[in-house]
Structures are given as structure tokens and as C-alpha cells.
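What follows is a single structure, written as C-alpha cells, with notes after it.
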Amino acid sequence: MTSAKSVLNPEQRQVALSHLASEKFDVLVIGGGVTGAGVALDAASRGLKVALVEAGDLASGTSSRSSKLIHGGLRYLEQYDFKLVREALQERELMVTTQAPHLVKPVSFLYPLHEKVKERTYVGAGLALYDALRGFQRALPNHRHLSQKRIHEVAPSLRVDLINGGIQYYDAQVDDARHTMMIARTAAQYGAQIATHASVESLIRKNKRVIGARVLDKFSGETIEVSASVTIMAGGVWSDQMHEKFGVIPGYQVRMSKGTHIVVPKSAIRSKSGIILKTAVSVLFIIPWADKWIVGTTDTEFTGDRNQPLATREDVDYILEQANKVLTPKLKPSDVLGVYAGLRPLVSRNANSSTTKLSREHIVDHPETGFVSVAGGKYTTYRVMAEDAVDHAAPDLLRLVQKSGTKELPILGAVGYHALINRASIIAEEMGISREQVIRLLDRYGSEISALAELIAADPSLAKPLADGMPYLRAEIHYAASAEGAMSVGDVISRRTRLAFEMADHGVGVAAEIAKIIGPILGWSASAKKKSIAEYEAQVVIEKESVQSYHEEIAKDSVASA
Ligand SMILES: Cc1cc2nc3c(=O)[nH]c(=O)nc-3n(C[C@H](O)[C@H](O)[C@H](O)COP(=O)(O)OP(=O)(O)OC[C@H]3O[C@@H](n4cnc5c(N)ncnc54)[C@H](O)[C@@H]3O)c2cc1C
């Protein structure tokens, strides 16, 4: 049974905004990416009165555009950043076991070796250290060495003439946008008031102290004054912009590094495991994603519009070129179903340092009484960042603040997950859907599956797929708007589901059907429905244009292979 408090939808947003306008909060959080959602959860679960405002949709910034790995980061070992690796690995173990076993799943990677002795010794030692650094809580298997014969059995797509062995190790993966939304919903369950499409325009100061912020409700156009003992900004790549706008003199800067991923069908790469490839400047991941692979990423300095990080033809070419160094058959441009790009928020004090060498460690800044900001880090370390930020804010709260309890705190849907998996066949019968569907739903909703079951019981047509051959059920689309805070067709296509990069048409073909399901929940008129569809279509056009020449290449490629 869903906790009513965890539900995010238009009515809840209205209620949240009226609380924001009329009450005093301990903590106002700016930003609904994974860091801000984590701060809201950390503070609310310490018993503080919390509000969170997000300028767009939850996770609409970097937190929906990552490689979706919960990992220590093998590449940081090479930079001797053991503290960061250990911290991240310990977080990984906690997420897989306690916090989010329904969403964070182990995934294996092959590290192919080109050379028999020296490379195996070097990489083997690194992976032994990687396994050791996670401490004694060990949820994932240890690494293991594979012979040349074995690696080609596991990954027939790796070139036999180049790869003569490998090492298999484990990390974890997550649907980042869903995970962030679930953290925000958990914060709401603990009492946080959450309003999306509400952006902070300025800070309110009194007697040299920040006492809140002016928040623009992007739907009504009204500005409300929110009063809070401490405002915590978790603005990712928007941090510099906000510092300037708010008149804050910060102790750090955030540089933006763009990372692009491509998505290809499972059939394009024959492997039973993910693959990690070392490149000249970084690493390239080939990551399993249901019946697809996500391949990336790039790492390039970015100075453009942070609201619109677009992939380019060069980005896609780079990824194909790197992957094709070891793959046979090679990936073709026509294999590419989807492309997405995101911006890493890299904290820096030295404007001249090279993007690739910058540490992913985070910074907590406390430049004014009543104002704290947190940025940098990695998706994996969001909880540690949140805990640090709230600890730094505690002295300004002028009240007793409990220690953070989020290490052992299950996020929404986690409790009872394993028991529900054991009962999958029974639930399938009860819901009138297949066991495979139940398991897929449990891995996206955990115990919140009961809310989907209720929707289906009330309207059995919601048990049907959104479109033929598509795994997503109509109930999931309904639930996205009625409980998960989706406010537009784009929110559903891009972040509640991942149709935007999973479908060759980026989900445009199902946009109208989605609008039909969510329209009544969001109180849309016929023209509001059309507008939301048109907005999403326009976004797709912009993204396609950015890789335009690339699409021309795809067309040529398809003609040639016809
Ligand atoms: C290509 C790529 C791959 C990555 N892969 C991984 C990975 O595999 N594993 C990993 O651990 N990390 C990874 N990362 C890093 C990770 O994704 C980020 O560190 C993390 O998502 C940052 O989250 P955030 O909440 O700090 O920022 P964001 O998610 O960007 O959130 C900031 C939010 O602030 C909001 N905002 C801005 N201005 C305002 C305002 N005025 N009022 C209210 N809200 C505002 C924005 O809308 C935004 O939603 C990757 C990053 C990239 C780019």
C-alpha cells in the first residue's frame, strides 16, 4: 500500500506550494537531482522540516543522463584516489543490499587483456584492490581471471586476434532518473514538501543571514517567499549561475564536462557481460540495458547551454571508433537507436586543470550564515554528499540535529522486495500478467507494485502494454502522473520510462497515447494535451538536428546494406 505522503502529483504540488508560502522550514533544498533529493531525505529523516524546489522535473538535469553505474570507478584507482573509490564502493554495497535492492542491480564487466603477463598482473592487482576497498560488507562477487578461450565464450564479439584473456569483475547499475524520483518520494514520505517546476530566483537575507528564498511557480507565474533557517543548494552544473544570480561569493567553481552515450540493440554485440575498454584518455563502457546496450562515454569540455546538452556527430563517431577497436562485427551507424548527453558537474578551484584529471570528489561550501551548497561527487556518492551538506548546515539550525540515518534507510519500495520476488508467480496470477512482467515491475517499483495492482484491479485495461511489443504497461504511465510527479509527456517518455533513448523514434509514436492516459490525471484540456505532445516532438527535433549529419549517414548505411 503506497504511503499517501509519498505520492507526487498536481494536487500534492499545490498543497506543497501553499505550505511553502505559509510555513517556516528548517531546510529549503534547491535542486531535485540525486544530490538535492538525497539532501531532502537526509534532513527529513533526521526529523527536520524540509522543502525541496526543482526548476524542472525531478532528475531533469545530470541525474537522468549518467552511465547509470553505481561504482567505485576503476579509473580513479589509476589516479590513486583510494578514498573516493573506497567511499563509493561502500555506498554501492549499501545500495545493493539495504537502501535500494529493487533498483540497484549487480552487473558484471569484462576487462579484456591484450597482453598475457604484464597487463594481467597490473589489472589483476588493481581489481584485487578494488574488491578489497569495499570493506567487509560484500554483496557482489569477487573478480575472476578468464582464459582466452573463456573470454571468447562469454563475449564472442571481442576480436580473437587482439584479446587473449580477460578479467571479470562486478559493479552495479541503476535507472538513475527513477532512482532519484524514488529518493524524492521517500523524502516526501518523511514529510518533505516537494514542488517541481518551481525555481529559486533570489535569496532572502536579513541581518547578514540568508533566511529563505523567492521561488517562481513556473505554472502560475507567481512568486512566493519561502522562509527557512538554512537553504541548501544542490544545483549541479547550475551552481555557478545560481551563485552569480544570488550574489553569493562561492568557495569553488563548477566546470561542465559533456558525456555522450549511444544505445544499440542487444543483437549488435554478442556478450553475456558488460565490457570496459581502456581508451587513451579514459574508459569506455558497454553496459547491458534490458534488450539493449548503452555504450559510452565521451569527456569533453562544455560551455554551451546547460539546459540543452546535445550530442554531436563527433561524439557518436568517437564512441563507435573506440568500441570498434575490439568488436567484431563492428558497430554500424545504423545500429544506433538512441543517443543522450549529460553534463558532469566537476568542482574546481583551478580554472586551468584538465577536465579528465579533475577529481569527482564533492565540495560543501558554507559562504554565508543560512546558506550551504554542495556539488561535484558522483551519482554513487549522493548519500555521503547529502549527509555532509546537512552536517554543515546543522549549526545554522539553532536546534538539536540528529545524526544522519540514511546509511541503513531503505528507500521507497525496498522493504519486502526479496519476499515479493519469491512470490512473483502468485502476484502474476493475482494481477493477471506474466511472471516476467511482475519481476520487471518489482525491479522498477519494488513493493510499490501494490499500487500498480490496485490501478489494474480498478481498470483491467491498464494491464495492457502501452503499445504492442512494448514492456511498459499502461498502468505504469498512469502511475507516472498520478504518483511519480510526471507533469508532461516528455517527463514520462524521458524519465519515468526511458523510451526517449530506448526507441528508434524516441517515443514519438506513443506520445499521443501517453497524453491520452495522463491527460485526465493532470487535468488537461484537448489543447493542453496537444501542447505537451508538441513540446516533446520539438525537443526530439532539436536533438536530432544536433546529430543531423549523423542521421544522413545512417540513411546511407541502410541503403548500402539493403
Ligand atoms: C555522461 C555522464 C555519466 C555519468 N556516469 C556516472 C556513473 O555511471 N556513476 C556515477 O556515480 N556518476 C556518474 N555521473 C555523475 C552523476 O551523474 C552526477 O554527479 C550527478 O547526477 C549530479 O547530480 P546533482 O543532483 O548534483 O545535479 P543535477 O542532477 O544536475 O541536479 C541539479 C538540479 O538543480 C536544478 N536547478 C537548477 N537551477 C535551479 C533553480 N534556480 N531552482 C531550483 N532548481 C534548480 C536543475 O534543474 C537540476 O535538476 C555521470 C555524469 C555524466 C554527465
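Selection over region 425-437 of residues that are more than 16 Å from Leu466 (Cα to Cα) and surrounded by 19 or more Cβ atoms within 10 Å (Cβ to Cβ) gives a count of 2. Screening Ile183 against (1) within 21 Å of the chain's Cα centre (by Cα); (2) part of a loop (DSSP other than H, G, I, E, B) leaves a single unmet condition, (2).
On the basis of being among the acidic types (Asp, Glu), over 24 Å from the mean Cα position of the chain (by Cα), crowded, with 17+ Cβ neighbours inside 10 Å and farther than 22 Å from Val263 by Cβ, does Glu119 make the cut? Yes; evaluated as a whole, the condition is true for this residue.
Applying the criterion of being touching a residue at least 40 places away in the same chain (Cβ under 8 Å) and charged (D, E, K, R) to the residues of region 377-403, the residue that is nearest to the ligand (Cβ to nearest atom) is Lys378. In the set Ser227, Ser239, Ser157, only one residue is among the polar types (S, T, N, Q), over 27 Å from Ala414 (Cα atoms) and either within 14 Å of the ligand (Cβ to nearest atom) or under 25 Å from the mean Cα position of the chain (by Cα) (or both); that residue is Ser239. Of all residues in region 246-286, how many are surrounded by 15 or more Cβ atoms within 10 Å (Cβ to Cβ) and either assigned to a strand (DSSP E or B) or touching a Gly at 6+ places or on another chain (Cβ under 6 Å) (or both)? Of the residues in that region, 21 qualify.
Checked against the criteria, Ala177 counts as surrounded by 21 or more Cβ atoms within 10 Å (Cβ to Cβ), touching a residue at least 60 places away in the same chain (Cβ under 8 Å) and within 30 Å of Tyr445 (Cβ to Cβ).
Evaluation of Gly56 against the conditions (1) assigned to a loop (DSSP other than H, G, I, E, B); (2) closer than 21 Å to Leu409 by Cα; (3) within 11 Å of the ligand (Cβ to nearest atom) shows that the sole unmet condition is (2). Taking region 365-391 as the range and being assigned to a helix (DSSP H, G or I), small (Gly, Ala, Ser) and within 17 Å of the chain's Cα centre (by Cα) as the test, only Ala386 passes. Number of residues in region 190-213 that are near the ligand (Cβ under 10 Å from one of its atoms) and part of a strand (DSSP E or B): the value is 7. No other residue among Leu110, Leu77, Leu129 is assigned to a helix (DSSP H, G or I), within 25 Å of the chain's Cα centre (by Cα) and either over 23 Å from Ile194 (Cβ atoms) or not assigned by TED's automatic domain parsing to the domain that holds Leu397 (or both) apart from Leu77. If you go through region 287-306 and keep only what is surrounded by fewer than 19 Cβ atoms within 10 Å (Cβ to Cβ) and either over 23 Å from Leu69 (Cα atoms) or touching a Phe, Trp or Tyr at 6+ places or on another chain (Cβ under 6 Å) (or both), you end up with Thr303, Gly304, Asp305. Taking region 142-191 as the range and being polar (S, T, N, Q), more than 24 Å from Ser67 (Cα to Cα) and in contact with an Asp or Glu (Cβ under 9 Å, 6 or more places away or on another chain) as the test, only Asn164 passes.
The values are calculated or read from the model by the stated rules, or taken from the named source; none is laboratory data. In this text the structure is predicted, and so the values were computed from the model without any measurement. Every residue, glycine as well, gets a Cβ built from its backbone with ideal geometry; the counts of neighbours run over all protein chains shown.
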